[in-house]
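S.K.: Have a look at the structure that comes next, please.
Every number in this text was worked out from the coordinates using simple rules, so none of it is lab data. Just so it is clear, the structure is predicted and the values come from calculations on it, not from any experiment. Virtual Cβ from ideal backbone geometry, glycine too; neighbours counted across all protein chains shown.
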Amino acid sequence: MVVGNDILKRLQLLKNKIVELEEYKEYRRNEIQIKKDHIRNKRAIAEQERKELLLIQKKISDKELNLEMHEKQIDDLNIRLDHINSDNEYHALITEIGCKEDDKYSMELEIQQLMIKVEIVDKGCKELTEELINDEEELKDLIKSIDEETLYHYKRLSNIQDGDPFAEVLDNACSGCYMKITLQLTNSLMDGKNLVLCPNCKRILFLSMKGCTQE
């Protein structure tokens, strides 16, 4: 291969750089995926807590409806007391009213406990929502944090055709895209002082002993 020592060193450095960029890209991809998985899990938890909140709110509504019915029944029983002449019936109604009052107290206590639980779950949902917003912002920043210059060089060196940034000059043509190489580029390659890129595919050209003939 007709390549000067300086160029050979630069080619090796570029090859090493490509390996580093591949590792960097994989590291960033994994880091982003971890963050996405974290967000997805939090969303699932938030959805579960939201469903739990709706369920508790429905229980409260049902119990409030039952409480309202009990209060009406107690009012009706108290009205009946004013029209009772029999002691037995009076005591029976007093006992029934007492039972209804006990039920009412139990319902009020259950509703109070459910309301406390609603506050706890609702607070957790809001905190989780805020965390999700922050996590999604962090994810955006993480994606943006990939250095633009690194991406540029990575795309230029690694995402070209066939993923190979180097091409040998064979029969006066780039072996990557088969474009004919001019005499000026050939002379630059033989000079070995600077990197020479194929004008068409942008691969880094190198010259073998049989790669080019003077025309």
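S.K.: Using r as the Cβ-Cβ distance of Lys126 and Asp37, and R0 as 22 Å, what FRET efficiency do you calculate, to the nearest 0.05? The partial results should precede the final answer.
M.R.: On the way: r = 23 Å, r/R0 = 1.04.
According to the calculation, E is roughly 0.45.
S.K.: Could I ask something else about it? Listing Ile94, Ile116 from the residue with the fewest other Cβ atoms within 10 Å to the one with the most, what is the order? Mind dumping the intermediate values first?
M.R.: Numbers: Ile94 14, Ile116 10.
The fewest-first ordering by Cβ neighbours comes to Ile116, Ile94.
S.K.: Take the Cβ-Cβ distance between Asp171 and Glu22 as r, set R0 to 30 Å, and report the resulting FRET efficiency rounded to the nearest 0.05. Spell out each step's value before the answer.
M.R.: Values: r = 31 Å, r/R0 = 1.04.
Using R0 = 30 Å, I get an efficiency of 0.45.
S.K.: What is the Cα radius of gyration of region 160-207 over 2.2 N^0.38 Å, N being its residue count? Spell out each step's value before the answer.
M.R.: Working: Rg = 9.6 Å, N = 48, 2.2 N^0.38 = 9.6 Å.
Region 160-207 yields a ratio of 1.00.
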